[in-house]
Amino acid sequence: MSDTPLHHFPIRVYYEDTDMGGIVYHANYLRFIERARSDWVRKLGVDQNAMRAAGEVYVVRRINGDFLAPAKFDEELGVETAPVEITPARLILKQTVRRDGQDLFTAEVTIVAIAVETGRPVRLPAEIRALR
């Protein structure tokens, strides 16, 4: 998917993001990449509120992450998001949290859309499928 532009999302590490040692608590990397995914989807023109009103939502099916180096209080980080694979019903993204070009955390995230009422998979929105 090399023709799809890389999405960049800035993050600043706040005190609340860290553990007692001033290092980002591991679960907060999931929050960082979630914010970046939400911003990426919004910039594609997908209205998640309208999706939910229509009875459909995105859910994370799988996350495979690697913690590579620590981030610390008050650092400026960036999250890069890029699609790896898109099918009518599944989206796989690579997300990387970086500081000054150094990879701190990488994740491969599988996203699906489901019908809220049944919990069954539905087709991804056209704006996502068009990236294929």
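Residue-level analysis places Arg62 among those that are under 26 Å from Glu117 (Cα atoms), under 17 Å from the mean Cα position of the chain (by Cα) and not β-branched (Val, Ile, Thr). Taking the criterion of being surrounded by fewer than 17 Cβ atoms within 10 Å (Cβ to Cβ) and among the charged types (D, E, K, R), the only residue of the range 80-89 that qualifies is Glu85.
Of the listed requirements (1) open to solvent by 20 Å² or more (accessible area, probe 1.4 Å); (2) out of contact with any Leu (no Cβ under 8 Å at 6 or more places or on another chain); (3) more than 30 Å from Gly21 (Cβ to Cβ), Asp100 misses just one: (3).
Could you tell me whether the range 27-37 includes any residue that is outside any helix (DSSP H, G or I) and open to solvent by 20 Å² or more (accessible area, probe 1.4 Å)?
Yes, the range 27-37 contains a residue that is outside any helix (DSSP H, G or I) and open to solvent by 20 Å² or more (accessible area, probe 1.4 Å).
Screening Leu124, Leu77 for residues that are closer than 18 Å to Asn28 by Cα, surrounded by 15 or more Cβ atoms within 10 Å (Cβ to Cβ) and in contact with a Leu (Cβ under 9 Å, 6 or more places away or on another chain) leaves exactly one candidate, Leu77.
Collect the residues in the range 8-26 that are small (Gly, Ala, Ser) and either in contact (Cβ under 8 Å) with a residue 24 or more places away in the chain or surrounded by 18 or more Cβ atoms within 10 Å (Cβ to Cβ) (or both), keeping them in residue-number order.
Gly22
Is it the case that some residue within the range 103-118 is of a type in the set (Phe, Trp, Tyr), farther than 24 Å from Tyr25 by Cβ and part of a strand (DSSP E or B)? The answer is no, given that none of the residues of the range 103-118 is of a type in the set (Phe, Trp, Tyr), farther than 24 Å from Tyr25 by Cβ and part of a strand (DSSP E or B). Among the residues making up the range 45-71, those that are open to solvent by 60 Å² or more (accessible area, probe 1.4 Å), at pLDDT 95 or above and in a strand (DSSP E or B) are Val60, Arg61, Arg62, Ile63, Asn64, Asp66, Phe67.
The values are calculated or read from the model by the stated rules, or taken from the named source; none is laboratory data. Since the model is a prediction, treat every value here as computed from it, not as a measurement. Don't worry about glycine lacking a Cβ; one is built from the backbone with ideal geometry, like all the others, and counts go over all protein chains shown. With ligands, DNA and RNA removed, areas are computed over all heavy atoms of the protein, side chains included. Shrake-Rupley method; radii C 1.70, N 1.55, O 1.52, S 1.80 Å.
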